1. Scan the range 243-270 residue by residue and report those that are without any contact (Cβ under 8 Å) to a residue 40 or more places away in the chain, open to solvent by 20 Å² or more (accessible area, probe 1.4 Å) and of a type in the set (Lys, Arg).
2. Counting residues that are charged (D, E, K, R) and either under 29 Å from ARG46 (Cα atoms) or touching a strand residue (DSSP E or B) at 6+ places or on another chain (Cβ under 9 Å) (or both), which helices (runs of 4 or more DSSP H) fully inside the range 72-171 reach at least 2?
3. Does the range 241-285 hold any residues that are acidic (Asp, Glu) and in a helix (DSSP H, G or I), and which are they?
4. Scan the range 272-289 and tell me whether some residue there is modelled with pLDDT of 95 or more, more than 18 Å from the chain's Cα centre (by Cα) and open to solvent by 50 Å² or more (accessible area, probe 1.4 Å).
5. Quick one: is THR320 assigned to a helix (DSSP H, G or I), at pLDDT 90 or above and buried (at least 17 other Cβ atoms within 10 Å of the Cβ)?
6. Scan the range 249-271 for residues that are in contact with a helix residue (DSSP H, G or I) (Cβ under 8 Å, 6 or more places away or on another chain) and of a type in the set (S, T, N, Q) and report the count.
7. GLY234 fails exactly one of the following numbered conditions: (1) of a type in the set (Gly, Ala, Ser); (2) at pLDDT 95 or above; (3) open to solvent by 70 Å² or more (accessible area, probe 1.4 Å). What is the number of that condition?
Amino acid sequence: MASSNNVTPTNCSWWPISAIDEDGKTADEEGSQEPAIDCKPISKDRLVLYHWTQSFSSQKVRLVINEKGLVCDERDVSLPLTEHKEPWFMRLNLGEEVPVFIHGDTIVSDYNQIIDYLEKNFVGENVAQLIPESGTPLYARVQQYRELLDGLPMDAYTHGCILHPELTTDSMIPKYATAEIRRHLANAASELMKLDHEEPQLTEPYLSKQKKLMAKILDHDNVTYLKKILSELGMVLDQVEAELEKRKLEYEGQKCELWLCGPDFTLADISLGATLHRLKFLGLSKKYWEDGSRPNLQSFFERVLKRFAFRKVLGDIHTTLLSAVLPNAFRMVKRKPPSFFGASFLMGSLGGMGYFAYWYLKKKYM
C-alpha cells in the first residue's frame, strides 16, 4: 500500500493509479461514490507521475526524468478541467498542486523533493547525474542557481502576463485568455466551497487552497507589483548572463559545450531552460534577450531547445497552447458526451481551429 510523505491512508479505495480508468471513464462518472480500486501491490520499480502538461513545476520534473533516461508512466491531471480539485487527488497529496510522483510505496508531492528523490535514488553508469557531488565547488554553484531560478515567482509572471497583455510583446497566449482566466479565478472560490460541503472530511485542504487562490488574485492582478517583479527578473537574468560569460572565459580555447555551471549539463540548466521557455511563451523574450542585450542567454536558449528531453517535454513553443487545448477538449467530450449536433459542432470547430492554426504557423514561421 502506497503511503504519502504527508499522509498514511487507511485503505486504497480512494487511490486510483490514474485519473482515468482503463475503460476511459473518470471517477465522477460512476455516481456519487468513488470507484473501488483493486488493492493489488504496486511494483517497487514502477514510476508514476501525475502532472499537467503546462504546469511549470511539472515541466521541470518531466525534464529531469527524461534527461536521466527513466521510464515513467505519466498521467495528465488537467488544471483547466479542475481535476486537481477532485477529492481523490486532494487526498493523494493533501491539497498540493501537481506534480505528484509515485515510486512503489513512496509518494512525493513537492516538485523539489521529487527532483531530489530522483537524483538520490536513480544513479548509475547509464543514468545522467544532474547534481554534482556534495561538497564540491560545482555542487555549490549548481545549488546557487537552482535556488535563484526556483525562487522566481513564475505563477505571478504567467497570470500577470495573461491578465495584463500590455506588458508583453508577441505573446503566444490568445486575447480571449484574459477574460477566461478572470472568469476562472472568479468561479474558483465558489467551486472550492462547493467541494468543501460535499467532502467535509477534507475541509482544511480545501480552505487552504481557497486562501492561496485569493492571495494570488490580489497579487497577480496588480500592475505595480507585476512591474516590480519583472524589474527584479531583469536583475536575475543579468546575473545569469554574467555567469555564462564567466564560463566562456574559463574554458576559452577548449573544445567543449558550455552550460551555466560548466561543461556538464546540470539541474541548473534545466531550471534556466524551462524558465526561458516559459518567458518566451508569455511574450517576454524580446524584452530580456532577443533585443541583443543578453547574447549569452540567447545562445543558451537556442542550444538547450535542441536537446532531446526539451524537444520531447516542451515541444515546439509555437504550438504550446494548441497542445494544451486540444487534449482537454477531447477529454471533456469523452467525460460528458454532448448531443449529436453539439459533438459535430465541437469537432468541426476543433478541425477549423487546427486548420487555421496550421496555416498561421506555416505563414509566420516556415
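1. Within the range 243-270, the first condition is being without any contact (Cβ under 8 Å) to a residue 40 or more places away in the chain, and the residues that meet it are 246-247, 249-256, 258, 263, 269.
Now restrict to residues that are open to solvent by 20 Å² or more (accessible area, probe 1.4 Å): 246, 249-256, 258, 263.
Matches in the range 243-270: LYS246, LYS255.
2. Values: elements: 87-93, 111-121, 137-150, 154-163.
In the range 72-171, 111-121, 137-150 are the helices (runs of 4 or more DSSP H) which contain 2 or more residues that are charged (D, E, K, R) and either under 29 Å from ARG46 (Cα atoms) or touching a strand residue (DSSP E or B) at 6+ places or on another chain (Cβ under 9 Å) (or both).
3. Of all residues in the range 241-285, those acidic (Asp, Glu) come to 241, 243, 245, 250, 252, 257, 264, 269.
GLU241, GLU243, GLU245, GLU250, ASP269 - these are the residues of the range 241-285 that are acidic (Asp, Glu) and in a helix (DSSP H, G or I).
4. yes
5. On the way: assigned to a helix (DSSP H, G or I): yes; at pLDDT 90 or above: no; buried (at least 17 other Cβ atoms within 10 Å of the Cβ): yes.
Criteria not met by THR320.
6. Summing the residues that are in contact with a helix residue (DSSP H, G or I) (Cβ under 8 Å, 6 or more places away or on another chain) and of a type in the set (S, T, N, Q) in the range 249-271 gives 2.
7. Here GLY234 clears every test but (3).
Residues are listed down the side, and each one gets a yes or a no for (1) surrounded by fewer than 18 Cβ atoms within 10 Å (Cβ to Cβ); (2) closer than 19 Å to LEU118 by Cα:
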site: TYR50; (1), (2): no, yes
site: THR53; (1), (2): no, no
site: LEU63; (1), (2): no, yes
site: ASN66; (1), (2): no, yes
site: LEU70; (1), (2): yes, yes
site: ASP73; (1), (2): yes, yes
site: LEU79; (1), (2): no, no
site: THR82; (1), (2): yes, no
site: ARG91; (1), (2): no, no
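The values are calculated or read from the model by the stated rules, or taken from the named source; none is laboratory data. What you are looking at is a predicted structure, and each value in this text was computed from that prediction instead of being measured. When we count neighbours, we look across all protein chains shown, and the Cβ atoms used for this are built from the backbone with ideal geometry, even at glycine. What goes into the accessible areas is simple: the full protein's heavy atoms, side chains included, and nothing from ligands, DNA or RNA. Shrake-Rupley method; radii C 1.70, N 1.55, O 1.52, S 1.80 Å.
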